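Taking it in order: structure first as structure tokens, then the write-up.
The values are calculated or read from the model by the stated rules, or taken from the named source; none is laboratory data. From a predicted model like this one, the values you see are computed outputs, not experimental measurements. FYI the Cβ positions are ideal-geometry reconstructions off the backbone, even for glycines, and counts take in every protein chain you see.
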2 protein chains.
Amino acid sequence: MSILIKNTTVLTQDKNRRILKNTDVLVSENIISKIGKFNEKAEFVIDGRDKILMPGFVNTHTHAAMSLFKGFGDDMELNEWLEKKIWPAEAKLTPEYTYFGSLLSIAEMIKTGTTAFNDMYFFMESVSDAAKKACMRVIVCDAVIDFFDEKKAEITKNRTLKLLTYVTGLNDSLIRAATGSHAIYTCSPESIISQKRIADKNKILMHMHVSETQKEVNDCIKKNKMRPVEYLEKLGVLGENVVFAHACYLSKKEIDIVKKHNVKIAHCPVSNMKLATGGVIDWSYMRSKNVCVSLATDGHSSNNNLDMFKEMKMAALLQKHARMDATVMPAQDTLDMATLGGAQALGINAGRIAVGALADIILLDKKDISLVPQNDIVSNIVYSANGSCVDTTIINGSIVMQNRKLTTLDEDKIKEKCIDIAMTLCTD
Amino acid sequence: MSILIKNTTVLTQDKNRRILKNTDVLVSENIISKIGKFNEKAEFVIDGRDKILMPGFVNTHTHAAMSLFKGFGDDMELNEWLEKKIWPAEAKLTPEYTYFGSLLSIAEMIKTGTTAFNDMYFFMESVSDAAKKACMRVIVCDAVIDFFDEKKAEITKNRTLKLLTYVTGLNDSLIRAATGSHAIYTCSPESIISQKRIADKNKILMHMHVSETQKEVNDCIKKNKMRPVEYLEKLGVLGENVVFAHACYLSKKEIDIVKKHNVKIAHCPVSNMKLATGGVIDWSYMRSKNVCVSLATDGHSSNNNLDMFKEMKMAALLQKHARMDATVMPAQDTLDMATLGGAQALGINAGRIAVGALADIILLDKKDISLVPQNDIVSNIVYSANGSCVDTTIINGSIVMQNRKLTTLDEDKIKEKCIDIAMTLCTD
């Protein structure tokens, strides 16, 4: 299919961060094929005059099916919350529930401008199926947890291999598999090494939680006489195909190690604040070292939504607050994390509007009251806009939402189904 | 006029914070006259089945006309920003510009569920006119700044008296005047005392910024040998009709003084973070002492919107982060600040759905994806919802928005006008 968006404002996110006025963008198949002013025919033409065209967001750390637990057990102490709420509810999960929970999250992401996400959870075949149904770009990995038990490690390894086979079988360029290790305190070193080997062999990503809390760091130092990233380097599992979620408590030395191995960071400010970890990534040092930092919402239980607009605002505000410096993490850098940073982290040729890039594009309603007046479009997007400003979402050259109506999913049906499932799962 | 909302979910915000299912609410003139199940006729009937009916938000500290400066000079160091951006732009303000800037903010507030606001700025007659036009509830005060100059103090005093006369002349129960002192570092003690006397004599509020930054506290200690609230107590200007915006750096002793005089707090978490003051109100101590804490967005220049949903989320997250305790400021307390707290702070008989209370009501779209599933309605509202979930806004018994369409204002015209004005004002 070809799509032509006429006379629009284009936030290119190119090297010079150019904003083009009154510009046409042509999408051919799944690629942005032409940008400028031209007379071209297309199967589908969109009047872009009152729109801002920009790259879709890339959400680099999620647990999509947790949408089912939204609002279930907020404001609780972590262990109590896990033991009394989340674990009993998760024990009741099925592939079908996971499928519908993932559909709900994917619908929310499309409606708030996210065009790709990096998901770690259970029943990942169901997450893949949901993404395929929605025409959503996703990277799926099993939440590998073995609690240092060899048998469990073997089971989780086999699950990872099975998922890989399943995703290969889907033969859909939108769905990719990754390996995953939940964290250094839930996975044996052998298991982490094994997951990294599978990742390298298959040229896929490895996704893990790292240094989310001070306790994790302290425990690691006590057990291994070194900090988490030093420990992971010693295991030989660092590399450009590795994504660290959180990374709040990295020392400068650890950030240097991250840079040396070109590991990617998925920064989750709302989750860090809501779970009261006290952690704030050392963004300025990461930025000064050109570490690839992306942005992520984490799951609904620690957020409670997947709106990358809110996440951008929170990221910028948390840095300014923590550093007591209003100039830290300016709007453009924040937007870069949510687009370019995410695409780079996940190895997707997107996150910018350029000829040859994947057509993962969103159109914002330029006349939404949050975007008026237009003293600074980037500032408006980061500090003022909502997910509801997104009018149209295009993923891989397919229009998955237009005029806020989903084209690949039956939103009402998904919501009804998820309300029913949540009532089954979330009972005390 | 009478309005009947049928078969709806009612978030009462009553003493027991009851949530009523399948309930009817009758509005007669400007008052909520009946709640329950009944057969009653009304001029206007709304099907409430897919709605959540709740009190409108009360935003207790704003500078509405600064909507014109949205995104102009973000991420800058405070003094540079004021000197290079805001002051030159403000110097070009006119009553007409202020009128339209205020209309834009009022439109945004109505669209995001705010039904009353407490505004401090310049050309407050224009703000009053804008609120009157919109049928918006407002308390207006001049930003009194005299820089310890007797002549300026006299001028500002006269301006306050003139505004009082103007508002009295409007004879509109929605528009009330207040006195104001910008801050202790911009107003002489005589001027602050004078404003308090005018407030007391006329039974109106006094609105001022207090303890926004550590510098303000340090300077006060240096100059007056006491902290700001102690200084204001010594001046004899504390009382139940006083609203302190910010109040980030109050000592426990100062909070005790605030409580003793029943002073009200307008908490502005986004502004505090964006301006990187490092300040976090000591909410837990205030709560333990039953201090009236309300919620506010401050102006667009330090936010950059007036969405009380975002403000609630930020308030709860900032407390959890700063105290490293996920149980601090739970969702219900956060919602209370934004509704009950605000109404109490401004002396408005609203902030709850009760027979006899003012009909300042909003209806949320219960099927908005951010509110699904419904494990916990209050949590969904605080942590997940957006201003765009608001479907209908009723102020003083008048429907000012229905199906997201404003009824008292021409939104498109206001936006066009404000884009033009901003281009005139915001030039470097």
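This table checks each residue for (1) more than 11 Å from every other protein chain (Cβ to nearest Cβ); (2) under 26 Å from A:Ala316 (Cα atoms).
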{"residue": "B:Asp24", "(1), (2)": "yes, no"}
{"residue": "B:Glu40", "(1), (2)": "yes, no"}
{"residue": "B:Ile46", "(1), (2)": "yes, no"}
{"residue": "B:Gly56", "(1), (2)": "yes, no"}
{"residue": "B:Ala65", "(1), (2)": "yes, yes"}
{"residue": "B:Trp81", "(1), (2)": "no, yes"}
{"residue": "B:Lys92", "(1), (2)": "yes, no"}
{"residue": "B:Glu96", "(1), (2)": "yes, no"}
{"residue": "B:Met109", "(1), (2)": "no, yes"}
task: Name the single residue, out of those in region A:317-336 being charged (D, E, K, R) and at the interface with another protein chain (Cβ under 8 Å from one of its Cβ atoms), that is surrounded by the most Cβ atoms within 10 Å (Cβ to Cβ).
output: A:Lys320
message: Where the second residue is in a helix (DSSP H, G or I) and modelled with pLDDT under 95 and the first is in the same structural domain as A:Lys92 (by TED's automatic domain parsing) and lies in region A:399-428, which pairs have Cβ atoms under 8 Å and are six or more apart or on separate chains?
response: none
query: What pairs come up if the first residue lies in region B:288-300 and is under 14 Å from B:Ala338 (Cα atoms) and in the same structural domain as B:Val242 (by TED's automatic domain parsing), the second is crowded, with 24+ Cβ neighbours inside 10 Å and among the charged types (D, E, K, R), and their beta carbons are under 7 Å apart, counting only those six or more places apart or on different chains?
result: B:Cys292/B:Lys264; B:Ser294/B:Lys264; B:Leu295/B:Glu311; B:Thr297/B:Glu311
field: Flag for A:Ser301 being assigned to a helix (DSSP H, G or I) and among the polar types (S, T, N, Q)
entry: yes
query: Can B:Tyr231 be described as in a loop (DSSP other than H, G, I, E, B) and either over 28 Å from B:Asp75 (Cβ atoms) or at pLDDT 95 or above (or both)?
result: no
message: Being in a helix (DSSP H, G or I), surrounded by fewer than 24 Cβ atoms within 10 Å (Cβ to Cβ) and out of contact with any strand residue (DSSP E or B) (no Cβ under 8 Å at 6 or more places or on another chain): is that true of B:Lys313 here?
response: no
query: How many residues does region B:41-63 contain that are part of a loop (DSSP other than H, G, I, E, B) and exposed (fewer than 14 other Cβ atoms within 10 Å of the Cβ)?
result: 3
message: It is to be established whether one or more residues within region B:409-428 are farther than 20 Å from B:Ala316 by Cβ, buried (at least 24 other Cβ atoms within 10 Å of the Cβ) and away from chain A (no Cβ under 13 Å).
response: no
task: Give just the number: which of (1) more than 21 Å from the chain's Cα centre (by Cα); (2) part of a helix (DSSP H, G or I); (3) not hydrophobic (A, V, I, L, M, F, W, C) does A:Gln374 not satisfy?
output: (2)
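Hand me the list of strands (runs of 3 or more DSSP E) wholly inside region A:107-193 holding 3 or more residues that are crowded, with 24+ Cβ neighbours inside 10 Å and not acidic (Asp, Glu).
So the answer is A:114-121, A:137-142, A:179-181.
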- prompt: What number of residues within region B:284-307 satisfy the criterion of being within 14 Å of chain A (Cβ to nearest Cβ) and buried (at least 22 other Cβ atoms within 10 Å of the Cβ)?
  reply: 11
query: Out of A:Ile381, A:Ile394, which single residue is within 21 Å of A:Lys133 (Cα to Cα) and either surrounded by 24 or more Cβ atoms within 10 Å (Cβ to Cβ) or within 7 Å of chain B (Cβ to nearest Cβ) (or both)?
result: A:Ile394
message: If B:Lys367 meets every condition in (1) within 18 Å of A:Lys367 (Cα to Cα); (2) facing chain A (nearest Cβ under 10 Å); (3) surrounded by fewer than 20 Cβ atoms within 10 Å (Cβ to Cβ) apart from one, which number is that one?
response: (1)
